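Visitor: Submitted below is the structure of interest, expressed as structure tokens.
The values are calculated or read from the model by the stated rules, or taken from the named source; none is laboratory data. From a predicted model like this one, the values you see are computed outputs, not experimental measurements. For neighbour counting, all protein chains shown are included, and Cβ atoms are generated from backbone atoms with ideal geometry for every residue, glycine included. The area values use the complete protein model at the heavy-atom level, side chains included, leaving out ligands, DNA and RNA. Shrake-Rupley method; radii C 1.70, N 1.55, O 1.52, S 1.80 Å.
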Amino acid sequence: AHLDFETYSLVNLKREGLHRYSMHPSASVLCLSYAISDEEPRVWLPGDPLPKDLFTADEFVAFNAGFERAFWWVAYRKYGWPDCPTPDRWRCAQAVALSFALPGDLDGAAQALQLPYRKDPRGKELIQLFCVPYRKSDAPRMTRETHPVEFAELVAYCQQDVRVERAILHACPRPHLSPDEQRHWVQKMKTNERGFMIDVPTTRACAQSVVEWKSKLEQEMLAITGDIRPSQRAAVLDWLRENDVEIANMKKNTIADALDDPDLPEGTVRKVLELRSQHAKTSTAKYDVFLRSVGARDRVYYTQTFHGAGTGRVTHRLVQPGNFPRPELKYYNGDPIPDVWKYADDLGLCSDPYALSFVFEPMAFYSSLLRSMIVAPPGKLLFSGDYAQIEARMNAYLSGEQSKLAIYEAGGDLYSVMAGYIYNRDPAEIDRKSFERQIGKSAELGAGFGLGGIGFQTYCKDTARIEIDRKTAQHVIDVYRESSPGIVRNWEATKDAVFNAIRAPGEVYEVNLCKYVVTKNRGWLFCKLPGGRVLAYCRPKLEWIVRVFETIDRETGEIRRTRKTVEQIFVAGVHPKTHQWIERLPAWQGQFVNNYVQGSTRDIMVDASERVEAAGFPVVLDVHDEVIAEADEHRSLDEYRTIMAAPVPWAPGLPMKVDAWCGTRYRKG
């Protein structure tokens, strides 16, 4: 049965999340549209006889099935429905669309598939009229009794959603997830409905302290500038210009570059930039996100989107642990503090926010403390396992780069070895916290997927927050490619496989352990991963275009530009920055390699998540290459690590290492 609810709640769904939205006393069902198989959608309204033909269906299909499950429970509490069917009886049409790299919204997926069915544009107006509370609390609410004509339109809109959802599934290459992926979806639904716990009192205290410190920063800047606050970007820029300091913008990296400039005047100018930098830490706003999304039992629910990324990884909503900043606090000797909470608690700083200002910059402190707000319930611990350097390992494995695999098999650190190549030093002499090792790590994770010198320089700045000049960037690229011939060959082999597949639909082209094929109607390019899962690219094609290539002169560091006519791969897909559907999205071999490497590591991780769950470690979060679970205090960390580190059947000989820890608070391992 396909189904779709139209709902009402006084809670803001986007700001506070599905749990608070559906659990609020005002949460109610306006109407339900449902269809058994391919029949015309039927309608149920509160007060009608119960839809018993729906209850007896074998399975239930919805676009974002988590939402429909949440409101089935509303119907259970308010309208006498039976209890919600278990997750294994549900199918999610959104998950199917996302598995084919389509947009995650109903209308976006329909447009991407070029379907004649579309969501009714009138629907947005109707949603605003009936489903969204008025800003003025005393304003009368529109109901089916007060506005029967408009409500009839809402019901028709709900029926159309069921038709569109069904059409999307019929138009996808497969109208369902594979059995393995369906099982993983069920696991993720259980994780979302389980949620994770936060320390509400400390989170509230930190949020209040952040407000107080931001106010203090404002007062300091007003005292210096007269009438300018740190949040006034244009005014701060104008003030700096008046004081003979010219910077391009108020972005984080730009300000950091300016503060690192030895020519920056000391005194008030530096102080204004420091105040702006501290005040602009957006990460501290996550305390407010914690508090507005926390629900029953001090837990946050429904934060993970299954297959949110094209490679199959989850993405996060509301609280996003994957975006938490790395702790930036350091001991007096300059070493980073690994467990900020423990250090601060030992010094009594958590209970005395003003004392901490004598030890740390307060906004940096609260930014670094964010992870510690995620906690284990009383009597339990958080267990974490992180696959160390898994993407670099997988890239070497799938490329057949034996020299790198040998380093891992010997227990070596590939990032230090690469740094040794780059700086002509003994890897044993390179400290794990050093700048050189950071460059080695960036080389493996950036240059490893085909970046050139200019791209690598940008990657270091944007991703690793490292500044290097052009000549150094080009040197790193040269050294990496010379020391990694198997990986370089794999880029070209992957390009050949993709090009050949597009030119000859229906023919299968293999590159190492992956296989590419384009459907005979040229609608899809598929990449079958070593584990059997398939990545999808919509409407692939080749076009001859004129491209401008930028390279770095190895002697001078200057950028050279040349124009060449080349054959370029284009696919239809979601733009990574704008998140809009683009019909001609350029793709290149490094991207394809990155996709199947990341997709393969994702498959290892979801399998491990399923294993630890089966062993009695209930999973609460997936963050990058890390699986976090809650379990009783007596459970063994060694057991958890062993379960996660089990050999991968489809990747014999892949050298893996799992870094694990357990404790009462989440931290960076």
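Visitor: In Å², and per residue, what accessible area does the stretch 7-58 have when probed at 1.4 Å with the other protein chains present?
Guide: That works out to 50 Å² for each residue.
Visitor: Here's something else I'd like to know. Roughly how much of residue 458 is accessible, in Å² to the nearest 10, using a 1.4 Å probe?
Guide: Its accessible surface works out to 70 Å², give or take rounding.
Visitor: Expressed as a whole percentage, what fraction of the accessible surface of the chain belongs to carbon and sulfur atoms when a 1.4 Å probe is rolled over the protein heavy atoms?
Guide: On the way: 15580 of 30830 Å².
Of all accessible area on the chain, carbon and sulfur atoms account for 51 percent.
Visitor: Cα centroids of the stretch 519-570 and the stretch 48-62: how far apart, whole angstrom?
Guide: Spelled out, the Cα-based centre of one part sits 47 Å from the other.
Visitor: Hey, can you grab everything whose amide H is under 5 Å from the amide H of residue 31? Only 5+ residues off in sequence or another chain; H modelled, so Pro and N-termini drop out.
Guide: 6
Visitor: If the only charges are +1 at each Lys and Arg Cβ and -1 at each Asp and Glu Cβ, what is the size of the charge dipole of the stretch 540-669 around the Cα centre, to the nearest 20 debye?
Guide: Once rounded to the nearest 20, the dipole reads 760 debye.
Visitor: I've got another one for you. Averaged per residue, what accessible area in Å² does the stretch 447-486 show with a 1.4 Å probe, protein chains only?
Guide: 44 Å²
Visitor: Please go through the stretch 54-153 and write out the GluC sites (Glu not before Pro) that DSSP classes as loop and that have at most 15 other C-beta atoms within 10 Å.
Guide: On the way: sites: 59, 68, 125, 145, 150, 153; in loops: 59, 145.
Here the sparse-neighbourhood loop sites are 59, 145.
Visitor: Accessible area, 1.4 Å probe, largest first: how do 311, 146 sort?
Guide: Heavy-atom accessible area, descending, gives 146, 311.
Visitor: Under a cut-off of 20 Å between alpha-carbon atoms, report the lysines in cross-link reach of residue 281, not counting same-chain residues fewer than 8 places apart.
Guide: 214, 216, 251, 252, 271, 330, 461, 668
Visitor: Moving on. Only Lys, Arg, Asp and Glu count, each charged at its Cβ (+1, +1, -1, -1), so figure out the dipole size of the stretch 333-469 about its Cα centre, rounded to 20 debye.
Guide: In debye, rounded to 20, the stretch 333-469 gives about 300.
Visitor: In nm, what is the difference between 0.36 nm times the number of residues separating residue 504 and residue 637 and their Cα-Cα distance? Can you show the working numbers first?
Guide: Values: separation 133, 0.36 × 133 = 47.88 nm, distance 5.09 nm.
Residue separation times 0.36 nm, minus the Cα-Cα distance, leaves 42.8 nm.
Visitor: At a 1.4 Å probe radius, which order do 337, 224 fall into by accessible area, largest first?
Guide: 224, 337
Visitor: So, one more: What is the list of residues in the stretch 421-436 whose amide nitrogen lies under 14 Å from a point 7 angstrom out from the Cα of residue 260, following Cα to Cβ?
Guide: Once the point is set 7 Å along Cα→Cβ of residue 260, 435-436 turn out to lie under 14 Å by backbone N, inside the stretch 421-436.
Visitor: If R0 is 45 Å, what FRET efficiency do you get for residue 565 and residue 355 from their C-beta distance, rounded to 0.05? Write out the running numbers ahead of the final one.
Guide: Numbers: r = 66 Å, r/R0 = 1.46.
My answer for the efficiency is 0.10.
Visitor: Quick one: of the DSSP bridges fully inside the chain, what percent are antiparallel, nearest 5?
Guide: 95 percent
Visitor: Also, I was wondering about something else. So what is the relative contact order for the stretch 433-513, in percent, with contacts set as C-alpha pairs under 8 Å and at least six apart?
Guide: Once divided by the residue count of the stretch 433-513, the mean separation gives 23 percent.
Visitor: What distance in nm lies between label points placed 7 Å from Cα along the C-beta direction at residue 326 and residue 200?
Guide: 3.5 nm
Visitor: Shifting gears a bit: 5 Å is the cut-off here: which amide hydrogens, built 1.01 Å from N in the peptide plane, fall below it relative to residue 434, excluding neighbours closer than 5 in sequence?
Guide: HN-HN under 5 Å from residue 434: empty list.
Visitor: Could you state the number of Å between the C-alpha centres of the stretch 170-242 and the stretch 348-391?
Guide: Going from one Cα centre to the other spans 16 Å.
Visitor: Let me ask something else about it. Could you run the Karplus curve 6.51 cos²θ - 1.76 cosθ + 1.60 with θ = phi - 60° over the stretch 656-669 and give me ³J(HN,Hα) per residue in whole Hz, x for Gly and Pro?
Guide: Taking θ as phi minus 60°, the curve returns 10, 9, 10, 8, 10, 8, 9, x, 8, 10, 5, 8, 6, x Hz for the stretch 656-669.
Visitor: Using label points projected 7 Å from each Cα along Cα→Cβ, tell me how many nm separate residue 555 and residue 231, to one decimal.
Guide: Simple spin-label model gives 5.5 nm for this pair.
Visitor: Right, something else. Considering amide H positions built from the backbone, and no H for Pro or chain starts, which residues 5 or more places from residue 172, or on another chain, come under 5 Å of its amide H?
Guide: Those lying under 5 Å, H to H, from residue 172: there are none.
Visitor: Quick one: putting +1 on the C-beta of Lys and Arg, -1 on the C-beta of Asp and Glu, what dipole do you get for the chain around its Cα centre, in Debye to the nearest 20?
Guide: 1060 debye
Visitor: Over the chain, calculate the relative contact order: mean separation of alpha carbon pairs under 8 Å at least 6 apart, over the residue count, as a percent.
Guide: The value is 13 percent.
Visitor: Then there is this: Report the gain in length on full extension from residue 584 to residue 465: 0.36 nm times residue separation, minus Cα-Cα distance, nm rounded to one decimal.
Guide: 39.7 nm
Visitor: Along the positive direction of the dipole of the chain (beta-carbon charges: Lys, Arg +1; Asp, Glu -1; about the Cα centre), which of 21, 508, 605 reaches farthest?
Guide: 508
Visitor: Quick one: if the Förster radius is 56 Å, what FRET efficiency do residue 296 and residue 403 give, using the C-beta to C-beta distance and rounding to 0.05?
Guide: The calculated FRET efficiency here is 0.60.
Visitor: Oh, and also: Along Cα→Cβ, 7 Å out, is where each label goes; now give me the distance between the ones at residue 577 and residue 141 in nm to one decimal.
Guide: 4.3 nm
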